[in-house]
Structures are given as structure tokens and as C-alpha cells.
1. What's the magnitude of the charge dipole for the stretch 96-150 around its Cα centre, counting Lys and Arg as +1 and Asp and Glu as -1 at the beta-carbon? Answer in Debye, nearest 20.
2. Quote the relative contact order of the stretch 3-234 in percent (integer), defining contacts as alpha-carbon pairs under 8 Å separated by 6+ residues.
3. Taking all pairs of distinct Cα atoms, average 1/r, flip it, and tell me the Kirkwood hydrodynamic radius of the stretch 51-181 in Å to one decimal place.
4. Return the sequence-ordered ³J(HN,Hα) values of the stretch 85-99 in whole Hz as given by the Karplus equation 6.51 cos²θ - 1.76 cosθ + 1.60 applied to θ = phi - 60°, using x for Gly and Pro.
5. Take the Cα gyration tensor of the chain, multiply each eigenvalue by 5, square-root it, and list the three semi-axes largest first, rounded to whole angstrom.
6. Pop out the carbon and sulfur fraction of the accessible area of the stretch 3-234 as a percent, whole number, probe 1.4 Å.
7. To the nearest 20 debye, what is the magnitude of the charge dipole of the chain about its Cα centre, counting +1 on the Cβ of each Lys and Arg and -1 on the Cβ of each Asp and Glu?
8. Under 5 Å between amide H atoms, partner at least 5 residues away or on a different chain: which partners does Tyr57 have, H built in plane at 1.01 Å?
Amino acid sequence: MHWQLHNTDAIAWLIDQSPDQFDALVTDPPYSSGGLHTKDRTADSANKKYLSSPSLYPEFAGENRDQFSYMQWSTLWLTAAHRTLKPGAPAMIFTDWRQLAVMSSAIQAAGFTLRGCIAWDKTEAVRPQKGRFRQQAEFILWGSKGPWHDKAGPTHPGVFRVPVTAGGPKRHTTGKPVPLMEALVKACPPGIVLDPFAGSASTGVATLRSGRRFVGVEREEAYYRIACERLSEEG
Ligand SMILES: C[S@@+](CC[C@H](N)C(=O)[O-])C[C@H]1O[C@@H](n2cnc3c(N)ncnc32)[C@H](O)[C@@H]1O
């Protein structure tokens, strides 16, 4: 079996794992963002915050922390994930404009060396905002557990222009396009990629297509099932 998926809480699962076993961390945690005002951001429904048609996808939790608690929670799970990674393992963590500073701090507080920020340009296909700038970009903060693993390989792009629906329709409210995930996974060493917030397993699909192995965690049963289905289709 080239993949494993666990239907449980990421932190509880991570602290139970042995140290130094995974080759890379590629993950897209809940952003606890969205909306303009605190009331919008702390709403229970993730779908209402991120979608114009909220009932298209199952709901998921972990989206209603304020920034202070989001930073503390992020430091907790990142610290637990750091312990499970091999020395030199790369870490790539999605975030948005609002949580960029908080997530940068949490990554470093957890012991990673923060090395840069990749821009994901979602193209003009994103929801327009009349009279304002388009919310067209999300970010992938990248770093490593100690020295970066690859000193001789190719240079990877620092900006990706990929529509949200590239590679097929989304299977999650905030699903990431598989071609983008494939480009990120290319910078990982061979071996096992860990994603403790697997959602519909876009990281997992990209990882399997690259010939690497995948270990994921997803707390919501509805998404766990979708993810298992997608991973099984990859073999
Ligand atoms: C932003 S989504 C990931 C989407 C994924 N990248 C995709 O393309 O489908 C974050 C996921 O983390 C899950 N999640 C939130 N809190 C969690 C926790 N404490 N443990 C495990 N999963 C959690 C949510 O249910 C959600 O599916």
C-alpha cells in the first residue's frame, strides 16, 4: 500500500507517532480566515465564508479561531509535525494574506527554518470584488527541518499561476488543484509525504502520481471518505 489515511485529529495523531520518519510535510491547514469582519471570520460555517454556493460541499471544522489562538494552535501542530520529520525534510504550508505573518511566526516557533514564500496566482477566474483589488493569490510558506535536503537539483519556480479548477473539479470547499500540488511535491525527496490536514487528498493524489508514498490525516468523516475514494483511484 502506497498510502495511509487516518480519520482523527491531527495533533492527537502526530504526538503518537515515532520521531524522524517522514520525508516531507506538504499541507493546507484550515486558515481561520475569510470574511471582512470578526463576525464573518468566526462563523461556524466554513462554506459560507469561502463560497457563493455554500451547500456544494460538506462542512469542515477548525475555521473559527481568532488570530491569537490560531497562532497558538498552529505552533502546537507544527511542533508535533516537526518531531515526526527526518532531518532536512522540507515543509510547505498553505496560508492566505491575513494569516501570512501569524503562520510565518508559528513555523519558526515550531523549530523549522523558514526559507521563503511561494505565491499561488489563482488567475482572474476568482470571485471579483467591485472597486477593489482581486483576492487572487494564496501563499505557500516553505522551509525545512534543519538544512534544506537538496543542494544540486533544479531550481523550482517561486510563483505558480494555476486556476483553482485545473486538473478537474474541486472535491473540497477549499480544495487545491492537483497540478499545483504536483509542482510542490517535485521539490520533496523521494519517500513519504505527510499531510495532517488532507481534506479531499489533493496532496495525496499528487504524491502518488510522483511515485512517492503518502500519509494523511483528516478529521471530518465526509472528507475522509472522499479522500479514500480519490487515493484508491490512484492505486
Ligand atoms: C483547507 S482544508 C484541506 C483541503 C485539501 N488541501 C484539499 O485539496 O482537499 C483543511 C482540512 O483540515 C481538516 N481539519 C481541520 N482541523 C483538523 C484537525 N484538528 N485534525 C485533522 N484534520 C483537520 C478539515 O476538515 C479540512 O478538510
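The values are calculated or read from the model by the stated rules, or taken from the named source; none is laboratory data. Worth saying up front: this structure is predicted, and the values here are computed from it rather than measured. A quick note on method: Cβ atoms are made from the backbone with ideal geometry, for glycine too, and the neighbour counts reach across all protein chains shown. In case anyone asks, the SASA skips ligands and DNA or RNA and just uses the protein heavy atoms, side chains included. Shrake-Rupley method; radii C 1.70, N 1.55, O 1.52, S 1.80 Å.
1. That gives the stretch 96-150 a dipole magnitude of about 260 debye.
2. Across the stretch 3-234, relative contact order equals 27 percent.
3. 16.5
4. Values, residue by residue: 8, 6, x, x, 4, x, 10, 10, 10, 6, 7, 10, 4, 6, 9 Hz.
5. Working through the eigenvalues yields semi-axes of 25, 20, 19 Å.
6. Numbers: 5870 of 10790 Å².
Whole-percent figure for carbon plus sulfur exposure: 54.
7. It works out to roughly 660 debye.
8. Amide H to amide H, under 5 Å and 5 or more residues apart or across chains, Tyr57 pairs with nothing.
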